[in-house]
Amino acid sequence: MTTTSTGTHGTAGLGVRGIVKRYSGVPVLHGVSVDVRPGDVVGLVGHNGAGKSTLLRVISGATTPEDGRIVVDGADRAIDSPAAAIGAGIATVYQELALLPNLTVAQNVHLGAERSRAGLLRREAMRDDARRLVEQFGIDVDVDRRLGDYPVATRQMLEIAVATHRKARYLLLDEPTTSLEGGQVERLLEMVRSLAAGGMGVVFVDHKLDELYAVCNRVVALVDGRVRIDARVDEVSRHDVVAAIAGDEAAEADEARRRSPDGDVPAEAGTTGAAAAAPVVADVHRWVPQGVTGPRLEVRDLVAPGVHGVSLTAEPGRVLGLYGLVGAGRTEVLRALVGLAPVTSGTVTLDGRPYRPTTPARAQRAGVVYLTEERKSDGIVPALDSPMNVALPVLRRYRRAGLLDKPRMLREADALLGELRVRGDRHGPVVSLSGGNQQKVLLARAIAQHPRVLLLDEPTKGVDLGVKAEIHRIVRALAHEGGLTVVLVSSEEEEICDVADDIVVVSHGRSTGEQVPPDHRTPHALRTAAWAAA
């Protein structure tokens, strides 16, 4: 379905017309046209590899298209560098922040635009400018302190404020809420609303539809480098957006799950995803005990770095969601359970037997596998191809008489990647894949280790709606059909409610293990519980 917006854009505004971009001869953008009027907040969505980041790079002057043009206030502009974009009133805030943490707040505010007189820096004037800017945006910082002393949420707000300080009239935001949660997200959204109310045009790249529909007045969906939807948010449903990006089956499955009181998907919904995961699920039965009675994983009064007394129970064939605010200790619980952090007290049992891992290798041999939150720093090995990334933890499985049976190893790893529908060049460096496909490579690596308990830390962080829906379906199939025990940590309340069968709230490194009642399994109720406990 293609939906196009109606209405007249006039001469005021930022527009891209017929943008074509190729990498190594392969088209990434196929004649894309999008308009942003003053006061617009345009939500830009699409699957990984759809062309969202490439489009932002074209508009921001970071890359040059093969065809098409950029129009600013009715006139063609040659945006061939970031400096040219800034000169045209276009500022970009990327997901990976650009301000320098070793400089002070005031120095960052004036970075590249320092004020001077007679060759000398006007330091006090720059401090005064910085103070007025942070006061205007309600950012509680000391302008003389290093930016690195402040949390990511504060630095994100400051980067947006600095963009406006440089006289930007159009602001491009690349997934600005990825590292934020709760009140931090709402504060950023309110900042965006305020900027739009003042006449700024904003392009807001995000994969969280709740945020997009809360702040955007238009939504543009890119699919395979083409505009599939361009419409006002009150003219297009979330179901239509998901269907355009992920396919009708994913949208119908998500809708069915939200309608179902226990969160289960009716058998007829989402059949395509289930079928795609079926070979993987069939393999699970070979290494996960079936028909086990009693909990698979029991944790009582666990104490470890950042964990001050956590209890939980995870059952075979179910997904346990750990929810809490950033810093609540959720990740620390998983790291302790997989041997990345020392357990100082408490008891842990696995299938009724004492379990106390001291290293990830020992945890793996016991059947407990961890998928890290930090895909780039702790997950992928960038220079290796996807099959090698999958096979690294299980190389011993392919040793015969001291030799590595590499053809068999690569064949089996590649087959698993195919079953998880990893797109792109699987035999080039894994870093060349999109973020969502890199995440599926890491999920394949975890599955290849034959876990009984799979610990997932923010498994869909920074991935698009389509990949998120695929990962959700795979995780549910591994648990519900394969009998795997999954413990899922997520900052997204909607994800916890959609995927988890049972939910436990962690706060300040503590949890009694009491599960959230079924009638409280809503995003609002989870937020309330987490913030009340905080």
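The values are calculated or read from the model by the stated rules, or taken from the named source; none is laboratory data. Since this is a predicted model, take the numbers as computed values, not measurements. Cβ placement follows ideal geometry from the backbone for every residue including glycine, while neighbour counts extend to all protein chains displayed.
Quick notes on this structure:
- The residues on offer are Gly482, Gly435, and the sole one that is closer than 19 Å to Gly367 by Cβ, at pLDDT below 90 and not assigned by TED's automatic domain parsing to the domain that holds Val223 is Gly482.
For (1) among the polar types (S, T, N, Q); (2) over 30 Å from Thr54 (Cα atoms), each residue gets a yes or a no:
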residue	(1), (2)
Ser432	yes, no
Leu443	no, no
Ala448	no, yes
Arg473	no, no
Ala477	no, yes
Val516	no, yes
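- Output for region 24-61, where each listed residue is part of a loop (DSSP other than H, G, I, E, B) and without any contact (Cβ under 8 Å) to a residue 24 or more places away in the chain: Ser24, Gly25
- All positions within region 413-438 that are part of a helix (DSSP H, G or I), under 19 Å from Asp464 (Cβ atoms) and either free of Cβ contacts under 8 Å to residues at least 12 places away in the same chain or among the polar types (S, T, N, Q) (or both): Ser432, Asn437, Gln438
- Selection from region 144-157 of residues that are touching a residue at least 24 places away in the same chain (Cβ under 8 Å), out of contact with any Phe, Trp or Tyr (no Cβ under 8 Å at 6 or more places or on another chain) and under 19 Å from Ser194 (Cα atoms): Ala153, Arg155, Gln156
- Selection over region 454-477 of residues that are within 14 Å of the chain's Cα centre (by Cα), among the hydrophobic types (A, V, I, L, M, F, W, C) and under 20 Å from Asp283 (Cβ atoms) gives a count of 2.
Conditions (1) within 25 Å of Leu147 (Cα to Cα); (2) surrounded by 16 or more Cβ atoms within 10 Å (Cβ to Cβ); (3) in contact with a Ser or Thr (Cβ under 6 Å, 6 or more places away or on another chain); (4) charged (D, E, K, R), marked per residue:
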position: Asp40; (1), (2), (3), (4): no, yes, no, yes
position: Leu56; (1), (2), (3), (4): no, yes, no, no
position: Ser60; (1), (2), (3), (4): yes, yes, yes, no
position: Pro65; (1), (2), (3), (4): no, yes, no, no
position: Ile70; (1), (2), (3), (4): no, yes, no, no
position: Ala83; (1), (2), (3), (4): yes, no, no, no
position: Ala88; (1), (2), (3), (4): no, yes, no, no
position: Ala91; (1), (2), (3), (4): yes, yes, no, no
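- Of all residues in region 310-345, those satisfying the criterion of being touching a helix residue (DSSP H, G or I) at 6+ places or on another chain (Cβ under 9 Å), under 26 Å from Val288 (Cβ atoms) and in a loop (DSSP other than H, G, I, E, B) are Pro316, Gly317, Arg318, Val338, Gly339, Leu340, Ala341, Val343.
- Region 164-174 - residue that is in contact with a helix residue (DSSP H, G or I) (Cβ under 9 Å, 6 or more places away or on another chain) and not in a strand (DSSP E or B) and, of those, modelled with the highest pLDDT: Ala168
Yes/no per residue for (1) at pLDDT 90 or above; (2) under 19 Å from His450 (Cβ atoms); (3) more than 30 Å from the chain's Cα centre (by Cα); (4) not aliphatic (A, V, I, L, M):
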residue	(1), (2), (3), (4)
Thr344	yes, no, yes, yes
Ala361	yes, yes, no, no
Thr372	no, yes, no, yes
Pro387	no, yes, no, yes
Tyr398	no, yes, yes, yes
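- Verdict on Val152 being outside the structural domain of Arg57 (by TED's automatic domain parsing), in contact with a helix residue (DSSP H, G or I) (Cβ under 7 Å, 6 or more places away or on another chain) and either closer than 30 Å to Asp67 by Cβ or of a type outside the set (D, E, K, R) (or both): no
- Helices (runs of 4 or more DSSP H) contained entirely in region 72-143, each with at least 2 residues that are outside the structural domain of Gly61 (by TED's automatic domain parsing) and touching a residue at least 40 places away in the same chain (Cβ under 8 Å): 105-109
- Cβ pairs under 8 Å, 6+ apart, first in region 516-534 and over 22 Å from Thr313 (Cα atoms) and surrounded by fewer than 16 Cβ atoms within 10 Å (Cβ to Cβ), second modelled with pLDDT under 80 and of a type outside the set (Phe, Trp, Tyr): Trp531/Gly182; Trp531/Gly183; Trp531/Leu325; Ala534/Leu325
- Note on region 478-515: residues that are more than 27 Å from Asp464 (Cα to Cα) and either crowded, with 24+ Cβ neighbours inside 10 Å or under 18 Å from the mean Cα position of the chain (by Cα) (or both) total 1.
- Filtered residues of region 192-219 (kept if assigned to a loop (DSSP other than H, G, I, E, B) and at negative phi): Gly198, Met200, Asp206, His207, Lys208, Cys216, Asn217
- Hits in region 33-54 (condition: among the β-branched types (Val, Ile, Thr) and touching a helix residue (DSSP H, G or I) at 6+ places or on another chain (Cβ under 6 Å)): Val41
- With respect to being touching a residue at least 60 places away in the same chain (Cβ under 8 Å), buried (at least 24 other Cβ atoms within 10 Å of the Cβ) and among the β-branched types (Val, Ile, Thr), Val475 falls outside the description.
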